[in-house]
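Each remark here refers to the structure printed beneath this line.
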Amino acid sequence: MSNAAKETDCRKEVVMNPEKLRIAYERLSRDDEAVGDSLSIQNQKMLLEDYAARNGIADLTHITDDGWSGTRWDRPGIVRLIEEVERGNVELCLCKDMSRIGRDHLQVGLLLEKFQEHGVRFVAINDGVDTSKGIDDFTPFRNIINEWVARDTSRKIRAINEARTKDGKHVTGAVPYGYLRDTNEKSKWLLDEIAAPIVRRIFESVISGKTVTQIADDLTAEGVLIPTAHWQNVNAGMRSAPNAHPTKWSAATIITILRKQEYMGWCVLNKTVKETYKSKRKAAAPDDILIFKDAHPAIVDEEMWTVVQRLRETRRRPQRITGEPNPLTGVLFCADCPRPDRALF
């Protein structure tokens with residue numbers, strides 16, 4: 001029988017439930033991007049849609065986790081998929097291969113059992129897995145291999161990052177608002193001529209007596225783009241979702257900016273650590289943090305940054321006449337008890 005005849009027969013056998021979802025799941029991690037375009041989200045979607053068309057599967061619902069490791073099970077997409085399965089809303093789940101679902105063989109095994117429990121057909125195209133035809137004996141070993149790949153990749157990346165941190169080089173693609181990556185040398189930061197003055201203004205505003213809420217309100221009123229919107233506007237290549245309010249500044253954003261030591265021109269490394277490749281990142285102990293001064297152009301000097309931190313820790317008392325915080329708050333203290341909570345203003 002020809003391939004065309006087989007596909008025709010397959011279409012005749014497919015009975016779709018119009019009330020249930022047929023989900024196409026795609027995932028791409030930062031590590032996968034290094035492999036090349038073959039694992040791109042767009043190529044995964046094309047592969048899944050082509051398979052669906054050839055096998056009489058209509059109305060695919062795409063669920064995507066872009067930029068998420070397969071060892072993470074708090075991925076928004078996979079969480080949504082599992083919730084829909086548990087509600088009994090899913091008839092079919094398609095993916096490129098088993099590693100797209102995840103790289104933890106225990107979790108993947110549990111998910112396959114959940115699929116079976118709720119009558120969900122699961123197809124991993126490149127691995128030849130189709131639960132409507134049964135699960136072959138090699139599937140558990142394939143999941144173990146996928147997890148081993150994640151562990152091995154994590155080990156290699158950690159070794160590379162450790163070598164780079166010892167040389168005082170940035171190991172992530174994240175760049176603070178106020179800087180841009182040098183297109184010729186990605187580990188080098190350049191001043192962002194648009195955002196850097198905003199950062200300096202934020203620090204100066206704190207020293208002049210304004211609260212973070214007042215600063216946020218001022219920037220919002222002037223229509224200044226928030227960091228994510230600014231990066232999109234200058235095509236800086238930062239990963240960020242479109243924002244419905246691109247000029248709506250929050251106090252939390254201002255606080256994040258004020259805390260960054262990088263604005264003094266410092267390269268601050270090892271701020272977070274992971275116990276294992278499966279665990280979430282957590283704040284590193286202060287002694288483990290590496291600091292390299294004069295690593296890139298400074299936006300504020302060390303004195304200004306230090307004064308701002310002291311002011312942020314001080315309870316600011318408004319003047320009775322104007323209602324504004326006294327500019328000497330956190331700067332002028334009683335000579336007998338020089339503590340921030342006992343400032344004279």
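The values are calculated or read from the model by the stated rules, or taken from the named source; none is laboratory data. Keep in mind that what you see is a predicted model, and the values were worked out from it rather than measured. Ideal geometry is used to build each Cβ from the backbone, glycine not excepted, and the neighbour counts take in all protein chains shown.
Data for the structure
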{"item": "Matching residues in segment 90-114 - criterion: being of a type outside the set (Val, Ile, Thr), out of contact with any Lys or Arg (no Cβ under 6 Å at 6 or more places or on another chain) and under 15 Å from Ala24 (Cβ atoms)", "result": "Cys93, Leu94, Cys95, Lys96, Asp97"}
{"item": "One residue from Thr247, Thr213, Thr165 being over 18 Å from Trp305 (Cα atoms), at pLDDT 85 or above, assigned to a helix (DSSP H, G or I) and not acidic (Asp, Glu)", "result": "Thr213"}
{"item": "Qualifying position, being surrounded by fewer than 14 Cβ atoms within 10 Å (Cβ to Cβ), at pLDDT 90 or above and of a type outside the set (Lys, Arg), among Glu303, Glu313, Glu275", "result": "Glu303"}
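Here's the yes/no breakdown for (1) over 16 Å from Glu26 (Cβ atoms); (2) within 26 Å of the chain's Cα centre (by Cα); (3) buried (at least 21 other Cβ atoms within 10 Å of the Cβ); (4) not hydrophobic (A, V, I, L, M, F, W, C):
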{"site": "Leu39", "(1), (2), (3), (4)": "no, yes, no, no"}
{"site": "Arg72", "(1), (2), (3), (4)": "no, yes, no, yes"}
{"site": "Gly88", "(1), (2), (3), (4)": "yes, no, no, yes"}
{"site": "Gln116", "(1), (2), (3), (4)": "yes, no, no, yes"}
{"site": "Gly119", "(1), (2), (3), (4)": "yes, no, no, yes"}
{"site": "Val123", "(1), (2), (3), (4)": "no, no, yes, no"}
